[in-house]
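A.B. asks: Got a structure for you, written out below as structure tokens; questions coming shortly.
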Amino acid sequence: MDVRRAEYIWIDGTTPTAKLRSKTKIIPLDEDPPIWGFDGSSTNQAPGNRSDCVLRPVFNCPDPTRKDPNGLLVMTEVLLPEMTPHSTNTRAACEAASKTYAEMETVFGIEQEYTFFRGMRPLGFPEHGFPPPQGGYYCGVGADEVFGRDAVEAHLDACLRAGLKIFGINAEVMPGQWEFQIGTLPALDVSDQLWVARWLLYRVSEEFGINATLYPKPARGDWNGAGAHTNFSTRKMRSSYEACIDAAEALGKTHDLHIENYGFGIEERLTGLHETSSYKEFRYGVSDRGASIRIPWQVEVEGRGYIEDRRPNANMDPYVVTRLILETIGTHSKIAA
Ligand code: ADP
Ligand code: MN
Ligand code: MN
Ligand code: MN
């Protein structure tokens, strides 16, 4: 019988930040990945006496990590046995908002920052003391400036072979810190693909004996945190500068709600230093990397485009962040929606 390996990926119930889990199902080559299940009592998703949870496939792509030429990565959502969304399933609400606000034609591009660790230390941090201060690492070149490039390149290859819509990669401001971008895509697609790209990041890092973390403030002190800048545009924003400004104004109306849902530990990262705006205030500005919302300079020049929400943490849930943006723009903007 012709079969293939399907790696089912899901988001667990760990708090305050959920983790990814996955396991393998061998399926007939000519069949789509079916609904499957798992033991929710081992993932903080169910009590032991009612442990069964359901995995429903929502997105799949070629698996670049296996020799199996027909291997699949299967992103799933978690359901209860009665086939309703599990309480940890944040995708269902994102799907509902995507439908409600479909006519806005919103698309997103998410910049995922992360930090490699070897053992207890960020890659590039010496055993004792600290590396030279920040300044030369961002988009650097040379063994004294960048750490982990082999793994970063392997991850980029994996994303491309999986067919993900990866936009680019760059070395970040702190040693061992990097970024990749997913998009531009609608809310559900950018989120499904970002979760798969995160899974690939962890999986590829195994081969290099290092681990990637999305922790928002991986090194205390004068070191940049890790964010997930979320760029977005509605159809109207893509043809009007006024609509871009209006969208930024709308986000100011629900600032606290977004901060509360933009990832655990956001107060540690959004201090007002290190290219952030304090979580306590809301500000937008052209080219301003110290603002909550940045309007890229080309957008002002061209009089249309998109805006960048700089507040989300690296450890945010893209289903939650994109849903909140859809809802806020949909209800509070006059022009952008
Ligand atoms: P930065 O200058 O902040 O580092 P990046 O180059 O890392 O920006 O990422 C820019 C992101 O903006 C990409 O993810 C891209 O998909 C996204 N983007 C570009 N144009 C649009 C648009 N019109 N609507 C939404 N997102 C966009
Ligand atoms: Mn970037
Ligand atoms: Mn960045
Ligand atoms: Mn950015």
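A.B. asks: What residue, of Leu20, Leu72, is modelled with pLDDT of 95 or more, within 20 Å of Leu188 (Cβ to Cβ) and either surrounded by 20 or more Cβ atoms within 10 Å (Cβ to Cβ) or aromatic (Phe, Trp, Tyr) (or both)? Full working, then the answer.
C.D. replies: Numbers: Leu20 fails: either surrounded by 20 or more Cβ atoms within 10 Å (Cβ to Cβ) or aromatic (Phe, Trp, Tyr) (or both).
None of the other options fit; the residue is Leu72.
A.B. asks: If you go through the stretch 106-138 one residue at a time, how many are within 16 Å of Ala226 (Cβ to Cβ) and free of Cβ contacts under 8 Å to residues at least 60 places away in the same chain? So that I can check it myself, show each step before the final result.
C.D. replies: Step one: filter the stretch 106-138 for residues within 16 Å of Ala226 (Cβ to Cβ), giving 110-117, 121-125, 134, 137-138.
Checking which are free of Cβ contacts under 8 Å to residues at least 60 places away in the same chain leaves us with 121, 124, 137-138.
Looking only at that region, the number is 4.
A.B. asks: If you don't mind, there's one more thing I want to ask. Do any residues in the stretch 191-209 that are assigned by TED's automatic domain parsing to the domain that holds Gly176 have Cβ atoms under 8 Å from those of residues that are β-branched (Val, Ile, Thr) and part of a helix (DSSP H, G or I), where the two are at least six apart or on different chains, and which pairs are they?
C.D. replies: These pairs meet every condition: Ser191/Thr322.
A.B. asks: Taking the stretch 157-202 only, how many residues are among the acidic types (Asp, Glu) and within 16 Å of ligand 3 (Cβ to nearest atom)? Walk me through how you get there before you give the answer.
C.D. replies: The first filter runs over the stretch 157-202 and keeps only residues among the acidic types (Asp, Glu), leaving 157, 172, 179, 189, 192.
Keeping just the survivors that are within 16 Å of ligand 3 (Cβ to nearest atom) gives 172, 179.
Going through the stretch 157-202 one residue at a time, the tally reaches 2.
A.B. asks: Take the stretch 259-295 and flag every residue that is touching a Ser or Thr at 6+ places or on another chain (Cβ under 6 Å), surrounded by 20 or more Cβ atoms within 10 Å (Cβ to Cβ) and either under 15 Å from Ala248 (Cβ atoms) or modelled with pLDDT under 95 (or both).
C.D. replies: Scanning the stretch 259-295 gives Ser277, Phe282, Ala291, Ser292.
A.B. asks: On the given criteria, is Glu82 more than 24 Å from the chain's Cα centre (by Cα) and either away from ligand 4 (no atom under 16 Å from the Cβ) or assigned to a strand (DSSP E or B) (or both)?
C.D. replies: On the way: more than 24 Å from the chain's Cα centre (by Cα): yes; either away from ligand 4 (no atom under 16 Å from the Cβ) or assigned to a strand (DSSP E or B) (or both): yes.
Judged against the criteria, Glu82 is a match.
A.B. asks: Please find, among Glu267, Glu260, the residue that is more than 15 Å from ligand 3 (Cβ to nearest atom), in the same structural domain as Gly124 (by TED's automatic domain parsing), without any contact (Cβ under 8 Å) to a residue 12 or more places away in the chain and closer than 30 Å to Trp10 by Cβ.
C.D. replies: Values: Glu267 fails: without any contact (Cβ under 8 Å) to a residue 12 or more places away in the chain.
Within the list Glu267, Glu260, the selection yields Glu260.
A.B. asks: Still on this structure, I have one more. Can you tell me which of Val54, Val58 is surrounded by fewer than 19 Cβ atoms within 10 Å (Cβ to Cβ), among the β-branched types (Val, Ile, Thr), assigned to a strand (DSSP E or B) and not assigned by TED's automatic domain parsing to the domain that holds Ile293? Talk me through it step by step, then tell me what you get.
C.D. replies: Working: Val54 fails: surrounded by fewer than 19 Cβ atoms within 10 Å (Cβ to Cβ).
Result of the check over Val54, Val58: Val58.
A.B. asks: For the stretch 156-180, name all the residues that are among the small types (Gly, Ala, Ser) and either within 16 Å of ligand 4 (Cβ to nearest atom) or within 19 Å of Ala226 (Cα to Cα) (or both). Steps first, please.
C.D. replies: To start, the set of residues in the stretch 156-180 that are among the small types (Gly, Ala, Ser) comprises 158, 162-163, 168, 171, 176.
Selection gives Gly168, Ala171, Gly176.
A.B. asks: Report yes if Glu77 is at pLDDT 95 or above, part of a strand (DSSP E or B), within 16 Å of ligand 2 (Cβ to nearest atom) and closer than 24 Å to Leu200 by Cβ, otherwise no. Steps first, answer last, please.
C.D. replies: Details: at pLDDT 95 or above: yes; part of a strand (DSSP E or B): yes; within 16 Å of ligand 2 (Cβ to nearest atom): no; closer than 24 Å to Leu200 by Cβ: yes.
No: the conditions fail for Glu77.
A.B. asks: Further, regarding this structure: All but one of (1) surrounded by fewer than 21 Cβ atoms within 10 Å (Cβ to Cβ); (2) assigned to a loop (DSSP other than H, G, I, E, B) hold for Gln298, so report the exception by its number.
C.D. replies: Unmet for Gln298, out of (1) surrounded by fewer than 21 Cβ atoms within 10 Å (Cβ to Cβ); (2) assigned to a loop (DSSP other than H, G, I, E, B): (2).
A.B. asks: Which one of these does Ser191 not meet: (1) touching a strand residue (DSSP E or B) at 6+ places or on another chain (Cβ under 7 Å); (2) crowded, with 21+ Cβ neighbours inside 10 Å; (3) not in a loop (DSSP other than H, G, I, E, B)?
C.D. replies: Checking Ser191 against (1) touching a strand residue (DSSP E or B) at 6+ places or on another chain (Cβ under 7 Å); (2) crowded, with 21+ Cβ neighbours inside 10 Å; (3) not in a loop (DSSP other than H, G, I, E, B), the one that fails is (1).
A.B. asks: Quick check on my filter: what residues within the stretch 301-319 are loosely packed, with under 15 Cβ neighbours inside 10 Å and not in a loop (DSSP other than H, G, I, E, B)? Please lay out each step first, then the result.
C.D. replies: So in the stretch 301-319, the residues loosely packed, with under 15 Cβ neighbours inside 10 Å come out as 301-303.
Within the stretch 301-319, Val301, Glu302 qualify.
The values are calculated or read from the model by the stated rules, or taken from the named source; none is laboratory data. Bear in mind that the values here come from a model prediction, so they are computed numbers and not experimental data. Neighbour counts are summed over all protein chains in view; Cβ atoms, including those assigned to glycine, are modelled from backbone coordinates with ideal geometry.
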